Structures are given as structure tokens and as C-alpha cells.
Amino acid sequence: MKFRGNVWKFGDNIDTDAIIPARCLTTSDPEALACHCMEDIDSEFTNKIGRGDIIVAGENFGCGSSREHAPIAIKAAGIACVVAKSFARIFYRNAFNMGLPIFESADLWDRVSEGQQIEVDGDSGGVVIIGADTPPLVIEPIPPFMQGLLRDGGLMRHIALKRRT
Amino acid sequence: MGMTITEKILRDHTDLKEIHPGMLINAKVDVALGNDITAPIAIEEFRKAGGDRVFDTSRVILVPDHFTPNKDIDSAMQCKVLRDFAREQDLKHCFEVGTVGIEHALLPEQGLVLPGDLVIGADSHTCTYGALGAFATGVGSTDLAAAMLTGEAWFKVPETMKVVLHGSLKRWVSGKDLILYIIGRIGVDGARYKAMEFTGEVVARLGMADRLTMANMVIEAGAKNGIFVPDEITKTYVQGRATRNWQLYDSDPDAVYGSTLEIDVSGIEPQIAFPHLPSNTRGVSEAGDIRIDQVVIGSCTNGRIEDLRIAAGILKGRKAAPYVRLIVIPATPQVYRMALREGLIEIFLDAGAAVSTPTCGPCLGGHMGVLAKGERAVSTTNRNFVGRMGHKESEVYLASPAVAAASAVLARIAGPDALEAS
């Protein structure tokens, strides 16, 4: 599981209303949600980003509501993965359940600047800032149970596979 | 080794003899809840996984409360998804406009969530039911889909933060002020992934409405669940409502806590959470001169009859100030009816309030009180994030019903003491 893309930086406590405002929740269509991703923080966000880009955030990313529309909007906007210092717990489980790769890194946020390119290696557990001569930064290993969810393609496929056996 | 109430409830919903914080477990759920925003995705996922019948037609509960009565065609389509699914699956509890209330006020009131239960809800404020001595936590739509299919959910057993409240409460200080104060102390991630267990002599005297308000907002500190060990107040509340058997749990004297927070509440005054985080709190006397455009009294946090009584007590014989829009939303039809019988609705109307049928509406900027650019609201709701109640340049100040009512009259953020002195 490797991702290489440009970094978009956000601070601490990015809440789910910031990721996708509640006024947009009259639909669960991923494309429709993607258009409004992060719009109350940065109205140009979805125009600026490229497919495969990476969000790097501070503490408690995704705090607030349980809306799965938040990881759906991020994924549908073309973001490959999110690396944060920490995640709010409902966002954390939603991301694994629906298949948005997320990683925790204590150091990346302070070392990387917006616009730099990074490579996140979920298998080896490291992040490399392209063009910087710093050694790879550590990302927290994904617990085996969550790895299983990602491997099976999310919680529902995981359950369907289990029910079949 | 001793166990906390949270650990015991989780253990008894598995086949395991012992569990400890950090363990990943699969547990049986007593109730799985969804609303008009989250259930449509869950229903789609349920079908995509080949779901045919839900695990139990009386334990999957659908409450279309967010954008209802439907505010537009898209929200009407979402509610239709719930309605069609409820009919197809013969769900025993799918509430329709007229009987629907705000989910976290409605389910305890109707005796559908009970002490000792393990409840998941695709709504972050599902943690409210911890007030009854249940383990209740918010999850996403896919978790709800899985639970509808299997009757189970996965959890990491949380460590518990013990919150001990000593002292005595000043006049006008409520459960809302206590939880805002605690969030202000520990921050919006101060209890991330943890259980918050409230105890101490102050808690023993708190009524169920205040406990529900406190448990409701533990998510605003990042907690997985909030919980109160059941007592006589719990039993009195549950008796006569319960739709099935329930079980009372407590924490062992030698239970192991990850941390303990001791607070003397005696000096706490009514609290305001300033924009744009629930942790941005200060006492109402330190608010300064902040002019407001709207007041909302209601929501899963503070839309119960006790809340409306407090607000009406302050508004009686008074009027909301000119150009202040006062919106009162009883959280359930039963609360509405009680308020009507007790004469509260008339007091609100005399004060110039708009009284609405139950809905989450303005809390999330959905409808029934959306803010324009630059406007400010005092609200008894639970979140004040950027754009939460409308325009991204609007502001929400979180407070208790008493402070909200007083602020409506004075057109600025103020507590009842300031109103009486004016």
C-alpha cells in the first residue's frame, strides 16, 4: 500500500462540518459530496487538488459528527490518503470501514510543507518527503484487524467473506 | 482485577470471560439506530452485502429527525429510503413525522434504550444513553449496516477516565454548564477513544435530564462513551417506560481507571462555549458585550421538558428583544404535549418565540433557523464549529437553556442573574 502525491496541510481539530458541511447531507452521492469537500475552510480546495494528492493534518482530524459522508467526500475528491497526528475515533473507524486509507504520524506535520511531494508506504510504515534529505518518518502500524478490513475492501466485504466461510 | 461499568457491559455482550482496555472485540448490540442522514448509506451497504432481513425487527430503530418535516426534495427522498426499508423489513420502530422526536431524546423517553444495553447509533450523539447506565456510542453508516445484518459490532475496549464532581452547584448551573466546563478543561480531544465515567456527590443529586445532557456531549471531548452508574434516579426514570428487561451494572471498588479528574464545581458559573470549538469556554460573566441575532432552545442536548421549564421560567412575562429571533423546539411530541399542558408554549408565544415541531433542524444548519453571514446565535445545542448553523462567517455560542432564555431578552449573551439585575 503505497501512495505518492502532493501535500495539502490542515491544522488541529478539523471537524466533519469543515470536511463536508451538514447542509450538503441531503445526498450521499460521492461525486456530489466531493464538490463541497473542505469548502468552508478553503472554497478553492477541490479546484486546486489533483487526483492522488494527500492531506496532512494535525491532531484529532475528523472530530464531530459520525457522518460517513466525510471520508466519502475526501475519497471521492481524489485524495489518496490522509496522514494526521491523530484522528477522532468515529472518523477513524469510518475510514477503515469504507476504505479510505489513513495513517498516524507524530512527526510528518512539522516536517512537511504544503505543496511538497511525499511517499507514504503503509507496508513498511514510513513516509518519505521527496527531495528532502531527511530519513523516512515513522507512521504508526495499522492494527492487524484494520489491515484485514482494508485487505478485504472494507467492513461489509469483510463480513460477507466471513459469512461465506 | 476490578472492572469498570463500561468494561462489564462490553464483556457481557461477548462470549469472553475477561476483557481489558485495548482489546478488539466483537460484541452483540441491543439496539442499532440510524437517522435520515446516516441510514440511507447503511441501507445501501446492507443491500450491497446481500442483506435480506435485519437481525431483529424490534432492535433496528430508524428516526428521521434531521431534515424533517422534509425541507426539500432531496431530504424527502432520503426519508423515503428509510420509510420503504422500514415497511419492507417490518421494523417495529420507525418514527414518522407526527410521532418522531429527536432521536436521543426520543429513545430514552420511549423506553427503547435501557440500563445495561449496548447501543450503537449512526449519529455521534448516541453516547447520550450512557446517562442510563448503558454503553452507547456513535458509529458510521457502514457500522450500522453491519449491525443491521449481523447484530454485532467491533470495538476497541476503551480505558476509562473517571470524572469526580465534588461540591455544590450555584444557582442556574446545570448539567450543560458542567459538561461545557469539563470540555473546556480537557479540550476537544481530552477524552479521545476513552470512556468518561461521571461520579461524585454532585452526580448523585443530578436529575436524569442533566445526566442525559452531560452524556450527550462527551463526544465533544472525543470520548467513545460517557456513563453514569445507575441509581434510584435511574430506576425511577426507567420504570414505567421500559419496553423489555434491563440490567443494572456498577463499577468495582478496585476498578482500574486510566486517569481521574477531580473537580470542585462550587465555583463554576453558567458557561458559554465561544466559536468555534466546544472547548472554548468561559463563565457567562466574562462573556463581554456580545450582541446576538438568534436564540435556539432545543436539540438532543437540551430539548427536554426540564429544559423548557427552565427557559419558560425566565421568559414568563418577558419578551425576546426586538430583532432577536427566538426559536424553541421541544425534542419530542411528548415533550411538546407536556409543555402545552403546563402552559409553557403560551409563555414562549407571548415572549415572541417561534415554537417548532421536533427536529434537529437549526443545530446543524439544516433548516428552521439557518444563520446569515455575520450573524450570531446563542444555542442550547452541542457544536459551534465554523458554519455549523449556517454561513461560514456566522457564529454559534453554546449555553444552557437558562442562559439562552436570558440572552434572548437582553439581545446579548447574559445569564439569568444579569437579567434579574437589569
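The values are calculated or read from the model by the stated rules, or taken from the named source; none is laboratory data. The structure presented is a predicted model; accordingly, all values stated were derived computationally and were not measured. Cβ sites come from the backbone with ideal geometry, for glycine too, and all protein chains shown count toward neighbours. Side chains included, ligands, DNA and RNA excluded: accessible areas come from the protein's heavy atoms. Shrake-Rupley method; radii C 1.70, N 1.55, O 1.52, S 1.80 Å.
Brief remarks follow.
- Here chain B is assigned +1 on the Cβ of each Lys and Arg and -1 on the Cβ of each Asp and Glu. Its dipole about the Cα centre then comes out at about 700 debye.
- For segment B:271-421, radius of gyration divided by Kirkwood radius, i.e. Rg to Rh on alpha-carbons: 0.93
- Electrostatic bookkeeping for B:V328 treats Lys and Arg as +1 and Asp and Glu as -1; over the other residues with beta carbon under 15 Å from its beta carbon, the sum is +2.
- Ordering B:M148, A:S66, B:A209 by Cα displacement along the dipole of the protein assembly as shown toward the positive end leaves B:M148 in first place; charges were set at the Cβ atoms of Lys, Arg (+1) and Asp, Glu (-1).
- Most mobile listed residue (A:E31, A:E59, A:E68) in chain A, GNM with C-alpha springs under 10 Å: A:E31
- Around the amide H of B:L371, modelled in the peptide plane, lie the amide H atoms of B:G390, B:H391, all under 5 Å away and 5 or more residues distant in sequence or on another chain.
- Taking every protein chain into account, the accessible area of segment B:5-263 amounts to 33 square angstrom per residue (probe 1.4 Å).
- Dividing the summed -39500 (n - 2.57) terms of all DSSP H runs of n ≥ 4 by the residue count of chain B sets its mean residue ellipticity at 222 nm at -8500 deg cm²/dmol.
- Per-residue average of Cβ from other chains inside 10 Å of B:117-128: 2
- Rolling a 1.4 Å probe across all protein chains gives A:R89 an accessible area of roughly 10 Å².
- When +1 charges are put on Lys and Arg Cβ atoms and -1 charges on Asp and Glu Cβ atoms, the dipole computed for the protein assembly as shown relative to its Cα centre reaches about 880 debye.
- To the nearest 10, the accessible area of B:V355 is 40 Å² with a 1.4 Å probe.
- Rg/Rg_globular for the protein assembly as shown, with Rg_globular taken as 2.2 N^0.38 Å and Rg from C-alpha atoms: 0.92
- Listed residues B:V409, B:Y237, B:L180: farthest to the positive end of the dipole of chain B (Cβ charges): B:V409
- Accessible-area rank, largest first, for B:W172, A:W8, B:W154: B:W172, A:W8, B:W154, with all protein chains present and a 1.4 angstrom probe.
- Spatially proximal aspartates and glutamates relative to B:K170 (Cα-Cα < 20 Å; intrachain offsets below 8 disregarded): B:E201, B:D210, B:E262, B:D264, B:E269, B:E286, B:E306, B:D307, B:D417, B:E420
- Listed residues A:H158, B:H276, B:H20 arranged by accessible area, highest first, probe 1.4 Å: B:H20, B:H276, A:H158
- The B-A contact accounts for approximately 3500 Å² of buried accessible area, totalled over both chains at a 1.4 Å probe radius.
- With all protein chains in place and a 1.4 Å probe, the accessible surface of segment B:5-263 carries 48 percent carbon and sulfur.
- Rg over Rh [alpha-carbon atoms, Kirkwood Rh] for segment A:84-141: 0.99
- Which listed pairs, of A:K2/B:K392; B:K17/B:K224; B:K92/B:K176; A:K85/B:K156, have C-alpha distances above 25 Å, in listed order: A:K2/B:K392; B:K92/B:K176
- Given charges at Cβ of Lys, Arg, Asp, Glu: segment A:2-140 dipole, positive-most of A:Q116, A:M38, A:F91: A:F91
- Summarising the strand pairing of the protein assembly as shown, around 30 percent of its internal DSSP beta bridges are antiparallel.
- Compactness of segment A:2-140, expressed as Rg and Dmax over alpha-carbon positions, Å: 13.9, 47
- Computed over segment B:1-145, Cα set: Rg, Dmax in Å: 15.7, 56
- Residue-level accessible surface for A:M1, protein heavy atoms, 1.4 Å, Å²: 80 Å²
- The listed residues B:K194, B:K392 rank as B:K392, B:K194 when sorted by accessible area, largest first, using a 1.4 Å probe.
- Taking 4 °C and 1.567 mPa s as conditions, chain B diffuses translationally at an estimated 61 µm²/s according to Stokes-Einstein applied to its Kirkwood radius (Cα pairs).
- Centroid-to-centroid, using Cα positions, segment A:26-48 and segment B:324-392 are 28 Å apart.
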